[in-house]
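Written out below as structure tokens is the structure these notes cover.
The values are calculated or read from the model by the stated rules, or taken from the named source; none is laboratory data. Model, not experiment: these values are computed from the prediction. In this analysis, Cβ positions are derived from the backbone assuming ideal geometry, glycine residues included, and neighbour counts consider all displayed protein chains.
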Amino acid sequence: MDIKVIAFDADDTLWVNEPYFRQTEERFCELLSGYLSRHDLERELLRIEIDNLALYGYGIKGFILSMIEAAMKITGDTLSIDIIKQIMDLGKQMLNQPIELLDGVEEVLESLKDKYRLVVATKGDLLDQERKLRKSGLSAYFHHIEIMSEKDDANYLKLLKHLDIQPSELLMIGNSLKSDILPVLNIGGYAVHVPYHITWAHEQIEDSIDNERFKSIERIKEVLELLK
């Protein structure tokens with residue numbers, strides 16, 4: 001490998017994220033437990049979330065709007081102002097969550113910062129991701145921050161052009177096979193998968209990956225061994 005740039009996903013790679021969505025989803029289901037079963041509530045919310053991605057993109061703000069829309073549909077447009085307020089409060093709680101770095105992240109960044117250009121390549125709401133990065137205390141490690149509306153082949157190619165590197169000079173590290181791994185392999189880059197114990201249903205894939213430019217590790221610190 002002739003790696004010049006190492007890109008890190010942010011949510012559930014650098015810091016905890018998905019558990020806050022699942023906790024909020026649980027509260028949402030509790031609020032509407034008198035209308036549908038937990039399974040049906042989760043299914044309806046997920047369907048509306050996915051339908052709204054093209055409008056709102058990824059992130060907490062779109063999630064809040066999707067919860068309100070789902071609640072309106074589930075209640076037959078009889079949703080009370082009190083329930084709307086509680087849903088909005090849940091979203092604000094998510095936005096104000098402290099940033100919890102995952103184990104080994106800062107050690108890895110410290111070890112790599114003088115050997116490679118480090119960048120963040122993530123998706124989601126611009127203000128929210130900037131806020132999380134600022135609160136994380138990790139900003140100084142990164143040469144560039146790229147917040148994408150979607151992590152697909154085209155946007156990774158734009159990132160390569162901005163960084164002025166070839167695909168074979170990029171290594172992407174992330175927890176999502178769908179967003180962090182497959183697009184980078186598709187364009188000729190290297191990718192390391194660090195699974196997180198919770199993955200949003202929309203990010204899950206069933207196919208296994210057989211590619212010489214792909215590795216899977218259990219903990220982010222193991223990437224240091226791969227790069228020796």
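Going through (1) touching a residue at least 24 places away in the same chain (Cβ under 8 Å); (2) over 13 Å from the mean Cα position of the chain (by Cα); (3) in a helix (DSSP H, G or I); (4) more than 16 Å from Ala7 (Cβ to Cβ) one by one, Asn211 falls short only on (3).
Within region 34-41, can one find any residue that is touching a residue at least 24 places away in the same chain (Cβ under 8 Å) and within 19 Å of the chain's Cα centre (by Cα)? There is no residue in region 34-41 that is touching a residue at least 24 places away in the same chain (Cβ under 8 Å) and within 19 Å of the chain's Cα centre (by Cα). Looking across region 148-175, the residues that are part of a helix (DSSP H, G or I) and either under 20 Å from Lys215 (Cβ atoms) or without any contact (Cβ under 8 Å) to a residue 60 or more places away in the chain (or both) come down to Asp153, Ala154, Asn155, Tyr156, Leu157, Lys158, Leu160, Lys161, His162, Pro167, Ser168, Glu169.
Condition first: exposed (fewer than 15 other Cβ atoms within 10 Å of the Cβ), at pLDDT 90 or above and among the small types (Gly, Ala, Ser). Can you find one or more residues in region 208-227 that meet it? So far as region 208-227 goes, yes, one or more of its residues are exposed (fewer than 15 other Cβ atoms within 10 Å of the Cβ), at pLDDT 90 or above and among the small types (Gly, Ala, Ser).
Restricting attention to region 140-170 and to residues that are under 17 Å from the mean Cα position of the chain (by Cα) and polar (S, T, N, Q), the residue that is surrounded by the most Cβ atoms within 10 Å (Cβ to Cβ) turns out to be Asn155. For region 171-189, a residue qualifies if it is on the phi < 0 side of the Ramachandran plot and more than 19 Å from the chain's Cα centre (by Cα), and the qualifying residues are Asn186, Ile187, Gly189. Show the residue pairs meeting these rules: Cβ distance below 6 Å; 6+ apart or different chains; first residue within region 121-147 and assigned by TED's automatic domain parsing to the domain that holds Lys161; second residue surrounded by 18 or more Cβ atoms within 10 Å (Cβ to Cβ) and in a helix (DSSP H, G or I). Qualifying pairs under 6 Å: Thr122/Gln129; Asp128/Ile60; Ser139/Leu133; Tyr141/Leu109; Glu146/Leu159; Ile147/Gln129.
This table checks each residue for (1) touching a strand residue (DSSP E or B) at 6+ places or on another chain (Cβ under 6 Å); (2) at pLDDT below 95; (3) in the same structural domain as Asp9 (by TED's automatic domain parsing).
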| residue | (1), (2), (3) |
| --- | --- |
| Ile83 | no, yes, no |
| Ile87 | no, no, no |
| Gly91 | no, yes, no |
| Gly104 | no, no, yes |
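For region 7-14, the count of residues that are surrounded by fewer than 18 Cβ atoms within 10 Å (Cβ to Cβ) and not polar (S, T, N, Q) is zero.
For Lys135, the test of being charged (D, E, K, R) and surrounded by 18 or more Cβ atoms within 10 Å (Cβ to Cβ) is failed.
Can you find a residue that is polar (S, T, N, Q) and modelled with pLDDT under 95 anywhere in region 150-173? Within region 150-173, none of the residues are polar (S, T, N, Q) and modelled with pLDDT under 95.
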